[in-house]
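Here is the structure we will look at, set down as structure tokens.
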Amino acid sequence: MKIRAALALTICVTCSTCHGQNATGVESVQRPTPVQAASIMQDAPKPAQTSSGALSAPSATPDNLKFWLDMLAGVANLATLAASLLAIFLWLKNRHKISSAFALLLDFSYQLTLGELKEKLERLNEYNANEASEVEEIRNILHEIAGQISGNSRLVHAMPGLSAKFESLAGRKLSEPLKRALVSELREKIRTIQVSNFEVNL
């Protein structure tokens with residue numbers, strides 16, 4: 001009986017009536033043949049390609065996001081235009097104040113130059129042209145004063161010829177009376193300029 005049962009089971013496995021089932025009665029899974037696999041691969045959708053042959057990735061920016069980015073760029077441009085118009089309006093409205101501030105700054109620089117000249121005159125008074133050991137220092141200060149006057153167009157206009165006088169004095173034999181006369185002349189011109197500026201500001 002055992003031999004008959006084994007023989008029947010063997011026949012059942014190879015039998016055409018039981019084809020598609022294993023020995024336990026469970027349906028077996030059939031693998032596709034190479035021809036069937038190639039057909040499936042051909043039917044599958046292919047990714048899009050660019051003109052250069054490279055695979056193109058799907059768009060990372062949706063249409064709605066692009067719309068908001070364009071809107072943001074437009075708002076930024078409008079804000080820049082509004083700021084420029086506001087700056088022009090403020091300049092036109094306060095141009096007189098701005099001009100006055102600029103003129104005040106120039107006048108402040110001019111006053112500083114006059115103050116430096118007065119300091120140099122005080123240094124000249126400390127030296128005596130009759131002392132041989134102090135003559136060289138007096139010449140140096142005279143050259144400094146002449147150079148400072150020549151380098152400032154307002155001083156050249158306000159003190160015509162005074163720079164040449166200092167240069168001439170520095171290049172000749174010094175005497176105390178001549179030095180004091182030139183120092184007094186420059187001090188008086190500086191005082192006149194300061195008074196004139198004060199009257200203009202009033």
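Scanning the stretch 67-101 for residues that are of a type in the set (S, T, N, Q) and within 26 Å of the chain's Cα centre (by Cα) gives 77, 80, 84. When the stretch 83-125 is filtered for residues that are touching a helix residue (DSSP H, G or I) at 6+ places or on another chain (Cβ under 6 Å) and farther than 20 Å from residue 196 by Cα, the ones remaining, listed by number, are 120, 121, 123, 124.
Residues 168, 133, 153: which one is among the hydroxyl-bearing types (Ser, Thr, Tyr) and closer than 16 Å to residue 193 by Cα? Walk me through it before giving the result.
Values: 168 fails: closer than 16 Å to residue 193 by Cα; 133 fails: closer than 16 Å to residue 193 by Cα.
The conditions single out 153.
Is it the case that some residue within the stretch 127-134 is under 46 Å from the mean Cα position of the chain (by Cα), of a type in the set (S, T, N, Q) and loosely packed, with under 14 Cβ neighbours inside 10 Å? No: zero hits.
Would you point out which residue out of 179, 120 is surrounded by 14 or more Cβ atoms within 10 Å (Cβ to Cβ) and within 29 Å of residue 103 (Cα to Cα)?
Working: 179 fails: within 29 Å of residue 103 (Cα to Cα).
Within the list 179, 120, the selection yields 120.
Sub-9 Å Cβ pairs linking a first residue in the stretch 185-200 that is among the hydroxyl-bearing types (Ser, Thr, Tyr) to a second residue that is modelled with pLDDT under 90 and in a helix (DSSP H, G or I), at least 6 apart or interchain, are 192/158; 196/158, ordered by first then second residue.
Taking the stated definitions as given, is residue 139 farther than 23 Å from residue 193 by Cβ, charged (D, E, K, R) and at pLDDT below 85? Please lay out each step first, then the result.
On the way: farther than 23 Å from residue 193 by Cβ: yes; charged (D, E, K, R): yes; at pLDDT below 85: no.
Answer is no for this residue.
One residue stands out among those in the stretch 179-202 that are closer than 19 Å to residue 108 by Cα and hydrophobic (A, V, I, L, M, F, W, C): the one that is modelled with the highest pLDDT, which is 190.
In this structure, does residue 109 turn out to be among the small types (Gly, Ala, Ser) and under 42 Å from the mean Cα position of the chain (by Cα)? The answer is yes for residue 109.
Of all residues in the stretch 73-130, those satisfying the criterion of being among the hydrophobic types (A, V, I, L, M, F, W, C) and either under 22 Å from residue 170 (Cα atoms) or touching a Pro at 6+ places or on another chain (Cβ under 7 Å) (or both) are 114, 117, 121, 124, 129.
The values are calculated or read from the model by the stated rules, or taken from the named source; none is laboratory data. Quick caveat: nothing in here was measured; it's all calculated off a predicted structure. So basically every Cβ, Gly included, is an ideal-geometry build from the backbone, and we count neighbours across all protein chains shown.
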